[in-house]
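S.K.: This is the structure I have questions about; it appears just below.
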Amino acid sequence: MKIDKKWINKYIGLIKGTPNLMDLEEHMDQLATACPKPLKAIKSRKQPLTKSEMKEKLKAKRLKLKEKKRSSPAQVIKRCDILFSQIIRARDKKCLRCSKTENLQCAHIFSRKNYATRWFPQNAITLCYACHIFWGHKNPVDFTRFVENILGKETLDGVQSLSHQVIKHEPQWYLDLEKMLHERLKDLTNMDD
């Protein structure tokens, strides 16, 4: 932070030249023109806020920040990931390798960093935790063969070529995707009933 010595000297000179601090209000215009914006804001302030006004203002600020955070692309992407995982697990209903129904996870075939296929249904299968972590991640060759048997070579090649596409989406696209994923999950859960 750069210190403006000229401004500090003006401020000190003004304070020293004031007979008592009550007279400082008379010199506020002079001080406001000689200093940065924060003091100008102090000058324009009429009365201090009451405790209840401060609480209300803080509450409004928190709500605004929470809403801004909720609609940030990172938060929408996170919600889309959760919805997509729920859709894949609802679609497959069991681990496709060992048929377990507990601790199911959505296993992406091609990395989630590829936004073109991150939420593409053919790029994910359901595996239990053990098969996902201790088999899928540790034995990529076996995993690829397994997936090829499930999807077929043509589908797997198509998903792979799609995963190489570089895509950047606008923020509204993620909100539309979230809405679509909600609807798809609702359709899958209604089929089970």
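S.K.: Provide the FRET efficiency to the nearest 0.05 for the CYS98-TRP173 pair, computing r from the beta carbons and using R0 = 45 Å.
M.R.: Calculated transfer efficiency: 0.80.
S.K.: Residue by residue through the range 137-146, what is 3J(HN,Hα) from phi via Karplus (6.51 cos²θ - 1.76 cosθ + 1.60, θ = phi - 60°)? Round to whole Hz and write x for glycine and proline.
M.R.: Per residue, the Karplus-derived 3J(HN,Hα) values read 7, 8, 10, x, 5, 4, 4, 4, 4, 4 Hz.
S.K.: Something else now. What residues have an amide H closer than 5 Å to that of ALA124, excluding those fewer than 5 places away on the same chain, when H is modeled at 1.01 Å from N in the peptide plane?
M.R.: Amide H neighbours of ALA124: ILE109.
S.K.: Next question. Before anything else, pin down the relative contact order of the range 100-193: Cα pairs under 8 Å, at least 6 apart, normalised by residue count, whole percent.
M.R.: About 30 percent, as a whole number.
S.K.: If the limit is 24 Å between Cα atoms, which of LYS57/LYS78; LYS113/LYS138; LYS59/LYS168; LYS61/LYS113 go over it?
M.R.: From LYS57/LYS78; LYS113/LYS138; LYS59/LYS168; LYS61/LYS113, over 24 Å: LYS57/LYS78; LYS59/LYS168; LYS61/LYS113.
S.K.: In addition: As an exercise, identify the trypsin sites (Lys or Arg not before Pro) in the range 81-160 lying in DSSP coil whose Cβ has no more than 11 other Cβ atoms within 10 Å.
M.R.: LYS113, LYS138
S.K.: Here is a follow-up. Could you give the accessible area per residue of the range 105-193, probe 1.4 Å, as a whole number in Å²?
M.R.: 64
S.K.: How many percent of the accessible area of the range 90-143 is carbon or sulfur, using a 1.4 Å probe?
M.R.: On the range 90-143, the fraction of accessible area on carbon and sulfur atoms equals 52 percent.
The values are calculated or read from the model by the stated rules, or taken from the named source; none is laboratory data. The shown structure was predicted, so the numbers you read here are calculated from the model rather than taken from an experiment. As a convention, Cβ positions derive from the backbone with ideal geometry for all residues, glycine included, and neighbour counts pool all protein chains shown. Heads up: the accessible areas ignore ligands, DNA and RNA and are worked out on the full protein's heavy atoms, side chains in. Shrake-Rupley method; radii C 1.70, N 1.55, O 1.52, S 1.80 Å.
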